[in-house]
Amino acid sequence: MATTKHTLVALVNDKPGVLNRVVSLFRRRGFNIDSIAVGHSEVQHLSRVTIIVNGTTYTVEQVRKQLDKLIDVVKIFDITSEKNTTRELALVKVKATSATRSEILEIADIFRANIVDVASDTLTIEITGDEDKIESMLKLLKTFGIKEIARTGRVAMVRGTLGAPPPEDKPVRSRVKRENA
Amino acid sequence: MKKTGAQILCESLIAEGVDVMFGFPGGVLLPFYDTLPQYPQIRHILVRHEQGAAHAADGYARATGKVGVCMATSGPGATNLVTGIANAYLDSVPMVAITGQVVREQIGKDAFQEIDITGITLPITKHSYVAMDTAHLAKIVHEAFYIARTGRPGPVLIDIPKDVFTDQAELTVPSRVELPGYKIPSQGHPAQLKNAAKLINEAKKPLIIAGRGVIISGASSALREFAEKAQVPVITTLLGIGCFPENHALSYGMAGMHGTGYANKAMESCDLLIAIGMRFDDRVTGKISAFAPHAKIIHIDLDPAEIGKNVPVDIPIVGDVKPVLISLQKLVENNSRISWLRQLDEWRQQHPMLDIKDGDKLLPQRIIREIYEATNGDAIVVTGVGQHQMWAAQHYFFDKPDTFISSGGLGTMGFGLPAAMGAKVGKPDKTVWCIDGDGSIQMTIQELATLVQDDIAVKIAIMNNGYLGMVRQWQDLFYKKNYVATPLSCPDFVKIAEAYCMAGITVTKREEVRPAIDKAMAHEGPFLVNFMVEPEENVYPMVPPGESNVNFLEQPKKEVSAWQRRSTP
């Protein structure tokens, strides 16, 4: 089965050790987490975790079910197949001389990025967007010399008024035809 | 009135119905042990090693269905619990493990006997707590017991720093549990139940494979009614033994690596497999691509994460086994399935695998059959792990749930003796036999001292073959008899028993078997029988690892002669 990127969104109790529980389940199943972002949610005492992970639909579904069993995971959805908005924030420190500064400012402007710090030989740019947008800007900035990058990891939200779907009750999976049986 | 953490813990345990706990004290637990005599309702049994405490709590829980409680001090005490906690986790046993911890301000500073036990046990507990505030202790204990015994049961760990025991707080009795992230599926989806019933009604060759989930759910009679109405034959997993009476006409024994040949043949040729409260362990499925190749599969389990984990299923029913079976029983039609059952009986005739070789040799299978007859099949049998475990599963016949207690998922050698101790404490009126191996029992043999000190009348039968028998069997069959690291030089187990002030007897001849068993049972208090059995006897049938279940090896034919099997009514 082909692996694809999955976006999991979990609401978890805001308590010490909870993130450890979530992450260690991925370790046990041998998953490399692409990106993970944690922050407060709209509910007090609940944090929202967005996890991007590569895997087959079957294995990711297994991990989702295992995560759902954790007492501290209040809700978890795989929103991969939903229409959703995904954003990430990056801070990029680029080398900038008097000769290149204006060109860098122009690039930042095209990407609607902000300059958050200016020093004699560097510029720090703050950019928000989906993965493609950030990667494109980084590609252009590379020629000037990137000194440092800090990225937040992606956060995601389902579009429309409904919000994240309720945990699905769709246990049906047709039995795979097995060869050499 | 304010109470100390130690008092709050004791009162919370009593509120949860705890009347016995297995533990071992240590520096950080002293405030608790100092308080314990104020609460004579709690019987504390001092084990000799913390692993014994965890296994005893496990055996207690399986025999009674209640939550088993064990306790250990910080550091090495806590790490010694780990094997027992893992064992309970893999076999879904309700348990609360309480560990002491260093005082709060020393946590994280590598203090004396400090270890991150919640971190260590993260993947082997259903949930865990560090009680950092005495005021929260009562709520934590209440939640821990609730989580341990509900849903799919499992071990819950509570780590309590020393100064939380001594701090004072108001004891507020928690009235209800609020765990929004904890879901317990209950009834099973009605549409799936209908689909399942349709498949069952249409099936020509349906088969039920029942696991420990049936026992946990208390669904034995529901299973029986369902199987009888639809006339579906029943096989079980190792841990499912006892969930369906083995003397029932529809019972075809245990499936899997050391299962009966006819059970494995039935799985191979059935057109519908109804898996109930089991999780398709590799010891049951054999080679997965050849598992039940002609069957559609209905999987009934409480845990949604078990559905489709190892084997794809056609109809999943997520729910508590008992209500699901009761609803399913109403939906299925009466049936007779004469030709299918006749086929199974034919296979049973062709593969009389539970017959025992005749002759004068002291065979472990015969000893277990003798124990079965001496106890009228009414004992609780607890085993270690190895050949003796499989022989006990094959040759003792179990008709009731909670009577066969064995380490399935983890396969923990040394489980037998302490678990038997726990079972006897939980069910003092039942005869409890610990059937163990000479290798297995030596891993926890120190608990003989506990049996004596607390007068726990476990009867122990050691199948002493001078080998790590199961490993030797694999070396015999798959490694050209290259017996490396399996021959054992064993102590004189009767002398060991005597050194612990316990009675024992060694048996070397066939005719001494029954008198020795009778003597053990007549003896008040614990008793050890050391059976010097045939050293190179193998467990048959056996599915070689990685093979399909139908390719089982049988007892070499020329050696077999009849031993009357108990007739099926």
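Just so it is clear, none of the values below were taken in a lab; they were calculated from the coordinates. Note that the structure is a prediction, hence the values are computed from the model and not measured. Here Cβ is always computed from backbone atoms with ideal geometry, including for glycine, and neighbour counts include all displayed protein chains.
For chain B, the relative contact order works out to 14 percent when only alpha carbon pairs closer than 8 Å and six or more residues apart are counted. The 3J(HN,Hα) values that the Karplus relation (6.51, -1.76, 1.60; θ = phi - 60°) gives for the stretch B:457-466 are, in residue order, 7, 7, 9, 10, 10, 9, 8, 8, 10, x Hz. Gly and Pro appear as x.
Put the Cα centre of the stretch B:155-217 next to the Cα centre of the stretch B:311-325 and the gap is 14 Å. Simple rule: put +1 on each Lys or Arg Cβ and -1 on each Asp or Glu Cβ in the protein assembly as shown, find the dipole, and look at B:300, A:102, B:195; the Cα lying farthest toward the positive end is B:195.
For a quick check of your reading of the filter: which GluC sites (Glu not before Pro) in the stretch B:416-525 sit in a DSSP loop and have no more than 10 other Cβ atoms within 10 Å?
Listed in order of number, the matching sites are B:524.
Entry note, chain A: the mean residue ellipticity at 222 nm calculated from DSSP H runs of n ≥ 4, each adding -39500 (n - 2.57), is -8000 deg cm²/dmol after division by the residues and rounding to the nearest 500.
Just the number, please: percent antiparallel of the DSSP beta bridges in the stretch B:2-169, rounded to the nearest 5. All intermediate terms of the calculation are to be shown ahead of the outcome.
On the way: 2 of 24 bridges.
Of the beta bridges lying entirely in the stretch B:2-169, close to 10 percent run antiparallel.
For chain B, a simple Cβ point-charge model (Lys and Arg +1, Asp and Glu -1, everything else neutral) yields a dipole of about 1380 debye relative to the Cα centre.
Neighbour counting of Cβ atoms within 10 Å sorts the residues B:301, B:358, fewest neighbours leading, into B:358, B:301.
Among all stretches of chain B without exposed chymotrypsin sites (Phe, Trp or Tyr not before Pro) (DSSP loop, at most 15 other Cβ atoms within 10 Å), which one is longest? Maximal segment without exposed cleavage sites: B:113-478. Between residue B:504 and B:528, the built amide H atoms are under 5 Å apart, and every one of these is 5 or more places off in sequence or on another chain. The stretch between residue B:228 and residue B:373, if pulled fully straight at 0.36 nm per residue, gains 49.5 nm over its current Cα-Cα span. On the principal axes of its alpha-carbon atoms, the stretch B:238-304 has extents of 31, 28, 21 Å, going from largest to smallest.
Relative contact order for the stretch B:364-544: what percent, with Cα pairs under 8 Å and sequence separation of 6 or more?
Numbers: 342 pairs, mean separation 40.9, N = 181.
Reported as a whole number, the value is 23 percent.
Counting every other Cβ atom within 10 Å of each residue's Cβ, B:410, B:272, B:223 order from fewest to most as B:410, B:272, B:223.
Out of the GluC sites (Glu not before Pro) in the stretch B:330-373, which ones are loop residues according to DSSP with at most 13 other C-beta atoms within 10 Å?
Taking the stretch B:330-373 and a limit of 13 other Cβ atoms within 10 Å, the loop GluC sites (Glu not before Pro) found are B:333.
Using only the alpha carbon atoms of chain B, find the Kirkwood hydrodynamic radius as the inverse mean reciprocal pair distance, in angstroms to one decimal. For chain B, inverting the mean 1/r across all distinct Cα pairs yields 24.5 Å.
The dipole here belongs to the stretch B:364-544: it is taken about the Cα centre, uses +1 on the Cβ of Lys and Arg and -1 on the Cβ of Asp and Glu, and is about 360 debye. Approximating the spin labels as points 7 Å out from Cα along Cα→Cβ, the residue A:95-to-residue B:547 distance works out to 6.8 nm. If you take every DSSP beta bridge fully contained in the stretch B:414-569, what fraction is antiparallel? Give it as a percent rounded to 5. Beta bridges within the stretch B:414-569, antiparallel portion: roughly 10 percent.
Find, to one decimal place in angstroms, the Kirkwood hydrodynamic radius of the stretch B:190-350, where the mean of 1/r is taken over every pair of different Cα atoms and then inverted.
On the way: mean 1/r = 0.0661 Å⁻¹.
With all distinct Cα pairs of the stretch B:190-350 included, I get 15.1 Å.
Annotation for the stretch B:4-79 versus the stretch B:361-411: alpha-carbon center distance of 29 Å. A crude spin-label estimate for the pair residue A:44 and residue B:183, with each label 7 Å from Cα along the Cβ direction, gives 2.6 nm.
Over chain A, what is the relative contact order in whole percent, taking alpha-carbon pairs under 8 Å and six or more residues apart? Provide the component values of the computation, followed by the final result.
Numbers: 299 pairs, mean separation 44.3, N = 181.
Relative contact order of chain A: 24 percent.
Karplus-based coupling profile of the stretch B:531-542, in residue order and whole Hz: 8, 7, 8, 3, x, 10, 6, 10, 8, 10, x, 9, with θ = phi - 60° in 6.51 cos²θ - 1.76 cosθ + 1.60 and x standing for Gly or Pro. Among the listed pairs B:3/B:109; A:5/A:65; B:205/B:265, those whose Cα-Cα separation exceeds 22 Å are B:3/B:109.
Per-residue 3J(HN,Hα) values for the stretch B:162-168, derived from phi via the Karplus relation 6.51 cos²θ - 1.76 cosθ + 1.60 with θ = phi - 60°, read 3, 6, 6, 5, 8, 4, 10 Hz in sequence order (x marks Gly and Pro). Helical runs assigned H by DSSP (4 residues or longer) give chain B a calculated mean residue ellipticity at 222 nm of -10000 deg cm²/dmol, each run adding -39500 (n - 2.57) before division by the residue total. Close amide-amide hydrogen proximity is noted between residue B:95 and B:68, B:154, B:156, each under 5 Å apart and 5 or more residues distant or on a separate chain (H modeled in the peptide plane; Pro and chain starts excluded).
Taking every lysine pair in the stretch B:364-544 that is 8 or more places apart or spans two chains, those with Cα atoms closer than 20 Å amount to 15. Counting charges near residue B:331 (Lys, Arg +1; Asp, Glu -1) among other residues having Cβ under 9 Å from its Cβ returns a value of +2. With the cut-off at 25 Å, report for chain A the share of all Cα pairs above it, as a whole percent. Tail fraction, whole percent: 47. The DSSP beta bridges internal to the protein assembly as shown are antiparallel in roughly 45% of cases. For B:19, B:58, B:314, B:110, the sequence from fewest to most other C-beta atoms within 10 Å is B:110, B:19, B:314, B:58.
Only one residue of B:535, B:391, B:227 has its Cα farthest out toward the positive end of the dipole of chain B, where Lys and Arg carry +1 and Asp and Glu -1 on Cβ, and that residue is B:227. Rounded, prolate or oblate: which one fits the stretch B:2-169, using the alpha carbon gyration tensor with axes a ≥ b ≥ c (rounded when a/c is under 1.5, else prolate when a/b beats b/c, else oblate)? Cα axes put the stretch B:2-169 in the rounded bin.
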